[in-house]
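The values are calculated or read from the model by the stated rules, or taken from the named source; none is laboratory data. Computed from a prediction, not measured in an experiment: that's the story for all the values here. Positions of Cβ are generated from backbone atoms using ideal geometry, with glycine treated the same way; all protein chains shown enter the neighbour counts. Side chains are part of the model used for accessible areas, which takes the heavy atoms of the whole protein and leaves out ligands, DNA and RNA. Shrake-Rupley method; radii C 1.70, N 1.55, O 1.52, S 1.80 Å.
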Amino acid sequence: MGAVVALSSTACVLRVLADRAEMDSMHGRYALGILLFQDIAVVPLILLITMLGQGGGAAEAFRFLGRTIIAAMGLGFGFYLIFYLITPRILLRPELKHNQELSVLLAVLMGVGATWLAHEVGLSPALGAFLAGMLLAESPFAMQVRAGASGLKAIFIVLFFSSAGMYADPAWVASNALLVIAGIIAIAIGKSAITAMALILFKSVPLHSAAAGIALGQIGEFSFLLATAAAGMGILSGDLLSLILSVTVGTLFLSSYQVSWALPFAERIMRFFKSTGAVESDFDHAHEHSPVLVIGYGPAGRRTAEELIARSYAVSVIDLNADSMKKVIEKGMHVHIGDATHTEILEHTGISKMRAVVVTIPDTATARRITERVKMLAPHVPLIVRARYNFHIPEIHKAGASIVVDEEWEVGYSLADQACKAINCSLQ
């Protein structure tokens, strides 16, 4: 029960933090660190539950644990050879190098194969899948696999949460409503308090420790895996299993609200304990100093970013050219390498929290697509867009730009200004 309750929902919490552009906030970083550690802990927790399900004395349990560790190490070594030595040689062959679908198909094959192989050697199939995922994440083709498998990911997430919802028994919940509600409240309050206290013990800021605790105050999706594995081995059953699954489903329903209200509610708690005078919210200051997002780092984008930094504004940059980004980082800008026409890239930057967005892309069609996506994701953010030719201005305005800078007009003005300087006159 402790293992089941300890895990929080990585899928729910990180998604809401990303949507609210709070991933880089202090409480967001605390939550992310804990969630990553919990995901790694799933492997030993599965082993622990499997060991508990074997029964017998301590000697038998340790023998089983030793066999399992040896089998897991052998499995990991085999996966390492496949993922790092064999697969890259296949995908880097000239005739296959540009085939993006092949990398996704191989990733799916390796994931399913690892699951089956783990089962065959007497390990939990979930352990095999988890090891395959960890090794795939460190492979040279990880980004390509993530991008290509995004559709599959969405399908499997829907299937996972649908199957999780099927564990809830409405008739049992209705007849034990008070018990389920009490369990949800106990988890939401108790787990939040324990998480916050653990963070404070490690000298974390109390305000953000409380916010991270509130954000993590639910039972996560991996808990279904542990609970059903325990049920399959006879460790959990009957009303206790129904209670755990019902409370888990209930806390998952509340998780998006908990994450959204984590910081405001934590501030209220701090005020209640009269601690806000000693605690400063970095998150609030981050809002006051939100960066300006510059899309495109060609000559125009570079000049725009340099002028903004010279005037003491924080700047973030999106560009496809990874080679030029080293200099950008040295100048103190935050860098995102990717295609700004993709909604996922814009969401990752925290577009809704930007002070303004400046599109410096010269190609009108690309600039228009970026403008439409920015306007859809952050309609309240000022959007300044470059127009290569003045007959494109109405098109860019229609896409959602707040201000369109006419390149031909600006060049004409600059030429006239320079001409006047040469003949000692001035432009009014």
- Task: Please give the helix 125-137 orientation as an angle from the longest Cα principal axis of the chain, in degrees from 0 to 90, rounded to the nearest 10.
- Result: 20
- Message: Ranking request for peptides 235-242, 265-272: highest mean number of other beta-carbon atoms within 10 Å first, then the rest in descending order.
- Response: 265-272, 235-242
- Query: Rounded to a whole number, what % of the accessible area of the chain do carbon and sulfur atoms account for, probe 1.4 Å?
  - Reply: 66
- Provide the FRET efficiency to the nearest 0.05 for the Gln54-Tyr84 pair, computing r from the beta carbons and using R0 = 30 Å. 0.35
- Query: What length, rounded to one decimal in nm, is gained on full extension from Leu201 through to Asp239, with 0.36 nm per residue of separation minus their alpha-carbon distance?
  - Reply: 10.1 nm
- Item | Contour excess over end-to-end distance, with Cα ends at Val108 and Ser162 and 0.36 nm allotted per residue | 17.3 nm
- Förster-model FRET efficiency, 60 Å R0, Ala193 and Ala416, C-beta, rounded to 0.05: 0.35
- Item | Cα→Cβ-extended label distance, 7 Å offset, between Arg271 and Ala314, nm | 2.4
- Query: Using r as the Cβ-Cβ distance of Trp261 and Glu138, and R0 as 41 Å, what FRET efficiency do you calculate, to the nearest 0.05?
  - Reply: 0.70
- So what is the relative contact order of the chain, in percent, for Cα pairs below 8 Å that sit 6 or more residues apart? 15
- In nanometres, the difference between 0.36 nm per residue of separation and the alpha-carbon distance of Trp172 and Glu408 is 77.9 nm
- Sorted peptide list for 114-126, 203-215, criterion being average Cβ within 10 angstrom, highest first: 203-215, 114-126
- Task: Using the charge dipole of the chain (Lys, Arg: +1 at Cβ; Asp, Glu: -1 at Cβ; taken about the Cα centre), state which of Pro382, Pro44, Tyr84 has its Cα farthest towards the positive end.
- Result: Pro44
- Task: Order these peptides, 299-308, 67-76, by their mean beta-carbon neighbour count within 10 angstrom, highest first.
- Result: 299-308, 67-76
- Task: Decide, for region 301-428, between rounded, prolate and oblate: order the square roots of the alpha carbon gyration tensor eigenvalues as a ≥ b ≥ c, take rounded if a/c falls under 1.5, and otherwise choose prolate if a/b is larger than b/c, else oblate.
- Result: oblate
- Message: Once ligands and nucleic acids are excluded and a 1.4 Å probe is used, how much of Val405 is accessible, expressed in Å² to the nearest 10?
- Response: 60
- Only Lys, Arg (+1) and Asp, Glu (-1) charged, at Cβ; region 385-428 dipole about Cα centre in debye: 60
- Message: Run the simple label-point estimate for Ala186 and Asp363 please: 7 Å along Cα→C-beta, distance reported in nm.
- Response: 5.9
- Where does the chain land at 222 nm, in deg cm²/dmol rounded to the nearest 500, when only DSSP H runs of n ≥ 4 count, each adding -39500 (n - 2.57), divided by all residues? -20500 deg cm²/dmol
